[in-house]
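Encoded as structure tokens, the structure appears first; notes follow it.
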Amino acid sequence: MNFLLSFDVEDWFQVENFRGVIRRELWEHWDGKESRVIGNTLKLLELLDRHRIRATFFVLGWIAKRHPELVREISSCGMEVASHGYGHELAYTMTREELREDLKHSKEVLEDITGREVLGYRAPSFSISEGVSKLIQEAGYRYDSSYNPFPGNKRYGSIDLLSQDSQGLYRIGDLVEVPIPLVRLHGMALPVGGGGYFRIYPLPFFEVLAKKYLRQHGHYLFYLHSWEVDPEQPRLRGVPKGYYLRHYFGLSEAYGKLDRFLRDMEGYGVRFSAIEEFLRMRGKLCRHFG
């Protein structure tokens, strides 16, 4: 059983829930905010080093441009560096030319820093569509991890998946899609990929769902944002109550909870790997798979 661990490297002020409060159309407004991404990411790297785990880090191009030393540290620690886009704009809201430039620019920035090809992409807030997936492939990415099938979040995009193999992986043209896990329990669709759901669910219940998905598919993908292990981040005023709760709930326990989760899953006998490593092992980065 394979456990695919992934992190979205972005700062606390770049999240979609804060769009109505922080002027994101001008990136200069971000430069005036307190950046905490370096410390948060280093905390995650230290945790992975203790557990001897390799993971995938989807890095925002805007972050990489300002903190290239952080990207080099992620890479030198043996982690896979993948793209989270450049400016954290929802992919399906951009024009085709804007998205082309975002995909290309973020990939080039990361490759220039690491000296390695960037194979993977994850759209901000899982904002995928069939048209977006075609541009991801056109930009030279080999796999995508943006499809979140949970119907309860209107921001999550959707795609007409053309083919699926027995392991729950999809092919859209030559692009491999690694979806975010969803478990159905007593007729309910329960998201179990990580993020805010990891912070909200009691850990024993979350582990039950993760193990159920593992038994069904033979692999399990987990994601967390770097800011989610930072309980000391600023509290932003003027955020709608629902968005405020989504962002700040459970931050004080998230790091320790992640530590326990990884330890428990180690005891369950999973094999931790980066996404790229898993796909190569399964022969999924060839031109065709089945």
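Rounded, prolate or oblate: which fits segment 2-281, taking a ≥ b ≥ c as square roots of the Cα gyration tensor eigenvalues, rounded meaning a/c under 1.5, else prolate when a/b beats b/c? Write out the running numbers ahead of the final one.
On the way: a/c = 1.24, a/b = 1.09, b/c = 1.14.
Rounded, because the longest to shortest axis ratio a/c is under 1.5.
Given H placed on each backbone N at 1.01 Å, which residues far from ALA82 in sequence or on other chains put an amide H within less than 5 Å of it?
Under 5 Å from the amide H of ALA82 lie the amide H atoms of PHE57, PHE58, VAL59, each far enough along the sequence or on another chain.
Order these peptides, 195-201, 117-123, by their mean beta-carbon neighbour count within 10 angstrom, highest first.
Details: 195-201: 18.6, 117-123: 24.3.
Order by mean packing, descending: 117-123, 195-201.
Test of understanding: what is the full-extension gain from ARG215 to ARG52, defined as 0.36 nm times their sequence separation minus their Cα-Cα distance?
On the way: separation 163, 0.36 × 163 = 58.68 nm, distance 2.36 nm.
Computed gain between ARG215 and ARG52 is 56.3 nm.
Based on the mean of other Cβ atoms within 10 Å per residue, sort peptides 267-277, 71-81 so the most packed one is first.
On the way: 267-277: 17.4, 71-81: 19.0.
In decreasing order of mean packing, 267-277, 71-81 become 71-81, 267-277.
With θ set to phi - 60°, apply the Karplus curve 6.51 cos²θ - 1.76 cosθ + 1.60 along segment 7-17 and write out the HN-Hα couplings as whole Hz, x wherever there is a Gly or Pro.
Ordered by residue, 3J(HN,Hα) equals 9, 9, 8, 8, 8, 4, 8, 9, 6, 5, 5 Hz.
What lysines sit close enough to LYS107 to cross-link, taking a C-alpha to C-alpha distance under 21 Å and skipping anything fewer than 8 places away on the same chain?
Within reach: LYS65, LYS134, LYS284.
Using only helices, what value at 222 nm comes out for the chain when you add -39,500 (n - 2.57) per DSSP H run of length 4 or more and divide by the total residues, to the nearest 500 deg cm²/dmol?
Numbers: 11 runs with 115 residues, N = 290.
Only helices count here, giving -12000 deg cm²/dmol.
To the nearest 20 debye, what charge dipole does segment 113-252 have about its Cα centre, counting +1 at the Cβ of each Lys and Arg and -1 at the Cβ of each Asp and Glu? Before the final figure, lay out each step's value.
Values: 16 positive and 12 negative charges, 112 e Å.
Here the size comes out at about 540 debye.
State to the nearest 20 debye the size of the charge dipole of the chain about its Cα centre, where the only charges are +1 on K and R beta carbons and -1 on D and E beta carbons. Spell out each step's value before the answer.
Details: 40 positive and 39 negative charges, 179 e Å.
Around 860 debye, computed over the chain.
Length gain on complete extension for the stretch ASP160 to GLU117, per 0.36 nm per residue less the alpha carbon to alpha carbon distance?
Values: separation 43, 0.36 × 43 = 15.48 nm, distance 2.77 nm.
Full-extension gain reported as 12.7 nm.
Out of all DSSP beta bridges with both ends in the chain, state the antiparallel percent to the nearest 5. Before the final figure, lay out the partial values.
Working: 9 of 33 bridges.
Around 25 percent of the beta bridges assigned by DSSP in the chain are antiparallel ones.
Which order do the peptides 214-222, 230-238 take when ranked by the mean count of other beta-carbon atoms within 10 Å per residue, highest first?
Numbers: 214-222: 18.7, 230-238: 12.4.
Output ranking for 214-222, 230-238: 214-222, 230-238.
Since every read-out is calculated from the coordinates, none of them should be taken as a lab result. Note that this is a predicted model, so its numbers are computed, not measured. So basically every Cβ, Gly included, is an ideal-geometry build from the backbone, and we count neighbours across all protein chains shown.
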